[in-house]
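The values are calculated or read from the model by the stated rules, or taken from the named source; none is laboratory data. In this text, all values refer to a predicted model and were calculated from it rather than measured experimentally. Here the Cβ positions follow ideal geometry from the backbone for every residue, glycine too, while neighbour counts run over all protein chains shown. Ligands, DNA and RNA are stripped out before the accessible areas are found, and what is left, the full protein with its side chains, is counted by its heavy atoms. Shrake-Rupley method; radii C 1.70, N 1.55, O 1.52, S 1.80 Å.
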Amino acid sequence: MSYVTIKHLCVSIILLLFIVVAYWNQNWSRKEENGKNELSSFSEASDGEEYIYLKGWVHPIRMNNTLYVHKYSNKHAEAFQDELLANRSAFLLVCDTETVDRILDIYLPLLGINGIIDVIDAADENMGALLSHYLGAFAYKRASGPLQDLIDITATFKAHGSPLHGAIWSIIDQMRDNSTPKEIFDHIHVLCSSFEEEKGQILENCLHGIGHGLAKRFDFEFLSAIEICEMFTVMDHAYTCASGVFMDVEKQTLEFSWFPCDQTIFPAPCFKFKRLEYNTFDPIESACDTQRGNYHWLACVWGIGSMKSFEFCEAAQWSNDKENQQLAVQYCQDASDTVTKVGASKNAWLLPPNKKAKYCQKYKPSIQQSCMYDNSTRFNTLLLEKYRSSAPSTFLPAEWQGTIKNHTQIHEQDCL
């Protein structure tokens, strides 16, 4: 090989190394963390728009998203955190929306919805639940770009995963009043379509938000709202929609009873939220003896399992009939495991791969796979649907009425 050829080869290698180092430095600088807004990487869509991946968010955020602030400062984040503490009573229950909006409007151009979510996520957990829901509704009111911008900026498991719920229910709330159930369904079922590739908990989080929105739209006429959930052809999606409808069932049903759980085709997600009723029974498993029919009895058992341990389910005396006892243990334990799987999946979703594996190892083997791969659902529909075909076409109300006349004395402080 000639001296000239070797010289040319060396020059080419040096140039190539220079290009690689320059490219690495450029991308590394884009991953710098400023404040709590940790960036991952950039991408460019086919339309020429620039997007950024934020740690903890599902979708890339459009750089021109009017709800997003790039590299917000620590100073502004700390100032907003101080506002949260100084106005704790306003933010805790979101009763004074005028005060909440005034403060959020100050920090929206400084932090963006992304920065506000980061601060709320790091704050006292007891403060964040109602505020996180309201933040999604606030984002809807302030959004000025494409609808997808709103979905993308609220699609995170930070802040309880609740901002997406508030955004979704606000979209549903703005539909015209005379919309038919079919028109409502046609409008809402596409809202979660951008999450279908991810599946898992983020898709179910969106569907749960749809249920929230339907309950509000129908002014908590639960059985009317459930008719829309029934239109989902995928049963997992229908059950998850129902879980959003029934989440506020104790707060919104004045009568202390099993209604509407004993009169719906999706009783399991309803019973899950009837905790005050369950607590009037001793032992708690006797609560399910009030149900008329195997389908609702087992759904009632599932509701108890969602509150109790795997071991409790095994030890409880559900029935004198051996077959029914075994069925009840199975349903109860399935509910207990499902709640654990969902919680583990949500927590693991926010972790990097090396930390996720270590986190998931602390669970028993039946939970680990769901934790690692986010392949669990909120309801084991194959199990829950098993006895529905044998249920009567018209559900009979449970023969029980609680001693407390209504729930208002318990929930009178809840504003959102």
Name the single residue, out of those in the range 262-305 being in contact with a Cys (Cβ under 9 Å, 6 or more places away or on another chain) and polar (S, T, N, Q), that is least open to solvent (accessible area, probe 1.4 Å). T264
Here's a check for you: in the range 272-284, which residue that is in contact with an Asp or Glu (Cβ under 9 Å, 6 or more places away or on another chain) and outside any loop (DSSP other than H, G, I, E, B) is nearest to G209 (Cα to Cα)? R275
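Considering every residue within the range 217-240, establish whether at least one is in contact with a Lys or Arg (Cβ under 6 Å, 6 or more places away or on another chain) and either under 24 Å from Y134 (Cα atoms) or of a type in the set (F, W, Y) (or both).
Of the residues in the range 217-240, the ones in contact with a Lys or Arg (Cβ under 6 Å, 6 or more places away or on another chain) are 240.
Adding the requirement that they be either under 24 Å from Y134 (Cα atoms) or of a type in the set (F, W, Y) (or both) leaves 240.
Checked the range 217-240: at least one residue is in contact with a Lys or Arg (Cβ under 6 Å, 6 or more places away or on another chain) and either under 24 Å from Y134 (Cα atoms) or of a type in the set (F, W, Y) (or both).
With respect to Y140, is the statement that it is over 23 Å from F195 (Cβ atoms), in contact (Cβ under 8 Å) with a residue 24 or more places away in the chain and in a helix (DSSP H, G or I) true? Full working, then the answer.
Working: over 23 Å from F195 (Cβ atoms): no; in contact (Cβ under 8 Å) with a residue 24 or more places away in the chain: yes; in a helix (DSSP H, G or I): yes.
In short, no.
Taking the range 203-220 as the search range and keeping residues that are of a type in the set (A, V, I, L, M, F, W, C) and under 13 Å from the mean Cα position of the chain (by Cα), which one is surrounded by the fewest Cβ atoms within 10 Å (Cβ to Cβ)? Explain how you work it out, then say what you get.
First, the residues of the range 203-220 that are of a type in the set (A, V, I, L, M, F, W, C): 203, 206-207, 210, 214-215, 218, 220.
If we keep only those that are under 13 Å from the mean Cα position of the chain (by Cα) too, we end up with 203, 206-207, 210.
Working: L203: 22, C206: 29, L207: 28, I210: 28.
Looking at the filtered set, the residue picked out is L203.
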Does L93 qualify as being within 23 Å of the chain's Cα centre (by Cα) and farther than 28 Å from Y53 by Cβ? yes
Filtering the range 147-174 down to residues that are out of contact with any helix residue (DSSP H, G or I) (no Cβ under 6 Å at 6 or more places or on another chain), outside any helix (DSSP H, G or I) and modelled with pLDDT of 90 or more yields T156
Could you tell me how many of the residues in the range 73-100 are open to solvent by less than 60 Å² (accessible area, probe 1.4 Å), assigned to a loop (DSSP other than H, G, I, E, B) and without any contact (Cβ under 8 Å) to a residue 40 or more places away in the chain? 2
Give me a count of the residues in the range 285-310 that are assigned to a loop (DSSP other than H, G, I, E, B) and either touching a Lys or Arg at 6+ places or on another chain (Cβ under 6 Å) or over 19 Å from D337 (Cβ atoms) (or both). 4
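Search the range 221-260 for residues being among the charged types (D, E, K, R), in contact with a helix residue (DSSP H, G or I) (Cβ under 7 Å, 6 or more places away or on another chain) and surrounded by fewer than 18 Cβ atoms within 10 Å (Cβ to Cβ), and hand back the single one that is nearest to W400 (Cα to Cα).
Applying the first criterion (among the charged types (D, E, K, R)) to the range 221-260 yields 221, 227, 230, 236, 248, 250-251, 255.
Cutting the leftovers down to in contact with a helix residue (DSSP H, G or I) (Cβ under 7 Å, 6 or more places away or on another chain) gives us 227, 230, 236, 248, 250-251.
Next, from what is left, pick out any that are surrounded by fewer than 18 Cβ atoms within 10 Å (Cβ to Cβ): 227, 230, 250-251.
On the way: E227: 25, E230: 27, E250: 16, K251: 19 Å.
Out of the qualifying residues, it is E250.
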Of the conditions (1) open to solvent by 60 Å² or more (accessible area, probe 1.4 Å); (2) in a helix (DSSP H, G or I); (3) farther than 16 Å from R142 by Cα, the single one that H70 does not satisfy is (2)
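Tell me the residue from S390, S376, S366 that is under 17 Å from D236 (Cβ atoms) and either at pLDDT 75 or above or open to solvent by less than 100 Å² (accessible area, probe 1.4 Å) (or both), please. Break it down into steps so the answer makes sense when it comes.
Details: S390 fails: under 17 Å from D236 (Cβ atoms); S366 fails: under 17 Å from D236 (Cβ atoms).
Only one candidate qualifies: S376.
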